[in-house]
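Enquirer: Below is the structure I would like to discuss, written out as structure tokens.
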Amino acid sequence: MASWARQVSRWCCLLQSARAAEFPGRLSGRSSTTQACRGFTPLPSRNDVLPWRWQAYRRVSVGSCSPSGSAKDGSFSPESTLPSPVKQEQAKAETLPDLNAKILYEDWDDIPPSSALEEISEEEAVQIIAEPLLPLQSSTLRDYVDHSETLAKLVHLGVDLSQVEKRQKAGQLLLTLDFEKDIRKILLFLKDVGVEDNQLGPFLTKNPYILAEDLETLETRVAYLKSKKFGKAEIAQMVSRAPYLLLFSVERLDNRLGFFKNELGLSVKKTKDLVIRLPRLLTGKLEPVKENLQVCQIELGFQRNEIQEIVFKTPKILTASKKRLKQTFDYLHNIMGIPHHVLTRFPQVFNSKLLRIKERHMFLTFLGRAQYDPTQPSYISLDQLVSLPDEVFCTEIAKASIQDFEKFLKTL
């Protein structure tokens, strides 16, 4: 009986709390219903317990229970017969939150989101800003700059994407990298090596592949160069002038240094100076170098010690065009009559344009001043012949005016 009364009490209190605000008229009708309850004084017999319980439940369910004060006039009330723990439960139940507010929140959450197929007005349609679609395929990185933070920052850094995309798979590499995670640490490493800020963009334009290298591997290669007594400024110069240098393994760098030392018979210091002045000797192919050494020795007729001196003074001769090298030597040696030992003293002449050498030699011959023998008076060195500007060459070497030289060139 106590369990049934507790359940009925809870139902009654919940219904009263939920409907009190919405149906105030019903609260005014409680007095008449309470009087009906008070008039029911006789207790039911044992056989009538079930009908009495049903009748009482009906009365309680519509909010007809009288307050606890109705027991003063001796009339029966279902609440008056409840034990004190049940009354305490009823008092606690009356403090429940408003069910109407809870239902309101649930209804608000049940509102479905707007559909992509929902019709909108023309005013709303005009306000919609559509982002351009990212191309699935493209032959240029320009189409991805507006969509890629990495590419945008590289452009701001000075990287020429039009040149990068010409390199094999370089464009695909940049699209897969994250600037903060992958690129920033490489930039900091290059700055620590000695690459200037304004050279970072051109450096990455020439060698974007360094962005995919492991940082520890790069640091190991720099440590190897330091172990070979290359200074910090020298390493910075080599890396800046040969951007691919740090892509080579320690073993390959060591083999290259050993090759030039042994092939040319240079000391360690001279070998070091050689690659500092032309660091691409460490990154380029060795076949052209070997071929030029054979040309100098076999076809041009220089001795081994002469080749050492020529290469040490002018390292570019090792990577020069064989055809150009032979044509320049042929004119200097066979036409101008300059012997091997003089060419060995001034190997810079092989880096000059053959047309410049011809024009000036022919002008000096026209003036009768073409004297290249150091033992004779009015001697003209090969360095003076090719390195001076036209004005200085005319006034100091040819002893003529620049107008005379220009008029002579028109006769050729």
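Enquirer: Looking at K358, is it touching a helix residue (DSSP H, G or I) at 6+ places or on another chain (Cβ under 9 Å), among the basic types (K, R), surrounded by 14 or more Cβ atoms within 10 Å (Cβ to Cβ) and within 30 Å of V275 (Cβ to Cβ)? First the steps, then the outcome.
Expert: On the way: touching a helix residue (DSSP H, G or I) at 6+ places or on another chain (Cβ under 9 Å): yes; among the basic types (K, R): yes; surrounded by 14 or more Cβ atoms within 10 Å (Cβ to Cβ): yes; within 30 Å of V275 (Cβ to Cβ): no.
So K358 fails the test.
Enquirer: So, of the residues in the range 313-337 that are polar (S, T, N, Q) and touching a residue at least 24 places away in the same chain (Cβ under 8 Å), which turns out to be farthest from V275 (Cα to Cα)? Please lay out each step first, then the result.
Expert: We begin by selecting, within the range 313-337, every residue polar (S, T, N, Q); these are 314, 319, 321, 327-328, 334.
Add one more test, that the residue is touching a residue at least 24 places away in the same chain (Cβ under 8 Å), and what stays is 314, 319, 327-328.
Working: T314: 11, T319: 13, Q327: 26, T328: 25 Å.
The selected residue is Q327.
Enquirer: Okay, next question. Taking the condition open to solvent by 60 Å² or more (accessible area, probe 1.4 Å), at pLDDT below 95 and either touching a Gly at 6+ places or on another chain (Cβ under 9 Å) or within 30 Å of L211 (Cα to Cα) (or both), does E263 pass? Let's see the steps before the verdict.
Expert: Working: open to solvent by 60 Å² or more (accessible area, probe 1.4 Å): yes; at pLDDT below 95: yes; either touching a Gly at 6+ places or on another chain (Cβ under 9 Å) or within 30 Å of L211 (Cα to Cα) (or both): no.
Answer is no for this residue.
Enquirer: List every residue pair whose Cβ atoms sit under 7 Å apart, with the two residues 6 or more apart in sequence or on different chains, where the first one lies in the range 131-153 and is β-branched (V, I, T) and in a helix (DSSP H, G or I) and the second, anywhere, is open to solvent by 40 Å² or more (accessible area, probe 1.4 Å) and at pLDDT 70 or above.
Expert: The qualifying pairs are V145/A152; V145/V155; T150/D178.
Enquirer: Could you please find all residues in the range 283-300 being open to solvent by 40 Å² or more (accessible area, probe 1.4 Å) and closer than 19 Å to H341 by Cβ?
Expert: Correct list: Q297, I298, E299.
Enquirer: Do the conditions hold for K410, that is, is it among the charged types (D, E, K, R), without any contact (Cβ under 8 Å) to a residue 12 or more places away in the chain and open to solvent by 50 Å² or more (accessible area, probe 1.4 Å)?
Expert: On the way: among the charged types (D, E, K, R): yes; without any contact (Cβ under 8 Å) to a residue 12 or more places away in the chain: yes; open to solvent by 50 Å² or more (accessible area, probe 1.4 Å): yes.
Spelling it out, K410 is indeed among the charged types (D, E, K, R), without any contact (Cβ under 8 Å) to a residue 12 or more places away in the chain and open to solvent by 50 Å² or more (accessible area, probe 1.4 Å).
Enquirer: Can you pull out the residues in the range 390-402 that are within 57 Å of the chain's Cα centre (by Cα) and more than 11 Å from R360 (Cα to Cα)? Steps first, answer last, please.
Expert: First, pick out the residues of the range 390-402 that are within 57 Å of the chain's Cα centre (by Cα): 390-397, 402.
The answer is E391, V392, T395, E396, I402.
Enquirer: For I298, are the conditions met, namely being free of Cβ contacts under 8 Å to residues at least 24 places away in the same chain and hydrophobic (A, V, I, L, M, F, W, C)? Write out each step before concluding.
Expert: On the way: free of Cβ contacts under 8 Å to residues at least 24 places away in the same chain: yes; hydrophobic (A, V, I, L, M, F, W, C): yes.
So I298 passes the test.
Enquirer: Shifting gears a bit: If you scan the range 314-369, which residues turn out to be among the basic types (K, R) and closer than 22 Å to P389 by Cβ?
Expert: Of all residues in the range 314-369, those among the basic types (K, R) come to 316, 322-324, 326, 345, 353, 356, 358, 360, 369.
Within the range 314-369, K316, K353, R356, K358, R360, R369 qualify.
Enquirer: As an exercise: evaluate I357 against (1) over 30 Å from F260 (Cα atoms); (2) outside any helix (DSSP H, G or I); (3) modelled with pLDDT of 95 or more; (4) not polar (S, T, N, Q) and give the number of the one condition it does not meet.
Expert: (2)
Enquirer: Let me ask another. Exactly one of these conditions fails for V349: (1) more than 26 Å from K410 (Cβ to Cβ); (2) assigned to a helix (DSSP H, G or I); (3) under 57 Å from the mean Cα position of the chain (by Cα); (4) of a type outside the set (K, R). Give me its number.
Expert: So the condition that V349 fails would be (1).
Enquirer: Applying the selection to the range 360-389, what residues are assigned to a loop (DSSP other than H, G, I, E, B) and under 56 Å from the mean Cα position of the chain (by Cα)?
Expert: Keep residues of the range 360-389 that are assigned to a loop (DSSP other than H, G, I, E, B), which gives 368-381, 388-389.
If the condition is that a residue be assigned to a loop (DSSP other than H, G, I, E, B) and under 56 Å from the mean Cα position of the chain (by Cα), then S381, L388, P389 are the ones that fit.
Enquirer: Restricting the first residue to the range 250-266 and requiring it to be under 25 Å from T220 (Cα atoms), which pairs with a second residue that is aliphatic (A, V, I, L, M) and surrounded by 14 or more Cβ atoms within 10 Å (Cβ to Cβ) meet a Cβ separation below 6 Å and a spacing of at least six or different chains?
Expert: R256/L282
Enquirer: Given the structure, is L253 under 23 Å from G194 (Cβ atoms) and either part of a loop (DSSP other than H, G, I, E, B) or open to solvent by less than 20 Å² (accessible area, probe 1.4 Å) (or both)?
Expert: Yes: the conditions hold for L253.
Enquirer: Output the number of residues of the range 160-211 satisfying the condition of being open to solvent by 30 Å² or more (accessible area, probe 1.4 Å), closer than 19 Å to D146 by Cβ and assigned to a loop (DSSP other than H, G, I, E, B).
Expert: Residues flagged as open to solvent by 30 Å² or more (accessible area, probe 1.4 Å), closer than 19 Å to D146 by Cβ and assigned to a loop (DSSP other than H, G, I, E, B) within the range 160-211 amount to 3.
Enquirer: While we're on this one: Answer yes or no: is there a residue in the range 301-312 that is under 30 Å from L278 (Cα atoms), touching a Pro at 6+ places or on another chain (Cβ under 6 Å) and either touching a residue at least 24 places away in the same chain (Cβ under 8 Å) or buried (at least 16 other Cβ atoms within 10 Å of the Cβ) (or both).
Expert: Yes, the range 301-312 has at least one match.
Enquirer: While we're on this one: Taking the range 368-395 as the search range and keeping residues that are more than 15 Å from M336 (Cβ to Cβ) and in contact (Cβ under 8 Å) with a residue 12 or more places away in the chain, which one is surrounded by the most Cβ atoms within 10 Å (Cβ to Cβ)?
Expert: Looking at residues that are more than 15 Å from M336 (Cβ to Cβ) and in contact (Cβ under 8 Å) with a residue 12 or more places away in the chain, I get F393.
Enquirer: Let me ask something else about it. Only residues that are among the charged types (D, E, K, R) and free of Cβ contacts under 8 Å to residues at least 12 places away in the same chain: list them for the range 221-249, please. Let's see the steps before the verdict.
Expert: The initial filter retains those residues of the range 221-249 that are among the charged types (D, E, K, R), namely 221, 226, 228-229, 232, 234, 241.
Correct list: K226 only.
The values are calculated or read from the model by the stated rules, or taken from the named source; none is laboratory data. Here the structure is a predicted model, which means the values were calculated and not measured. We place every Cβ from the backbone using ideal geometry, glycine too, and count neighbours over all the protein chains shown. Side chains are part of the model used for accessible areas, which takes the heavy atoms of the whole protein and leaves out ligands, DNA and RNA. Shrake-Rupley method; radii C 1.70, N 1.55, O 1.52, S 1.80 Å.
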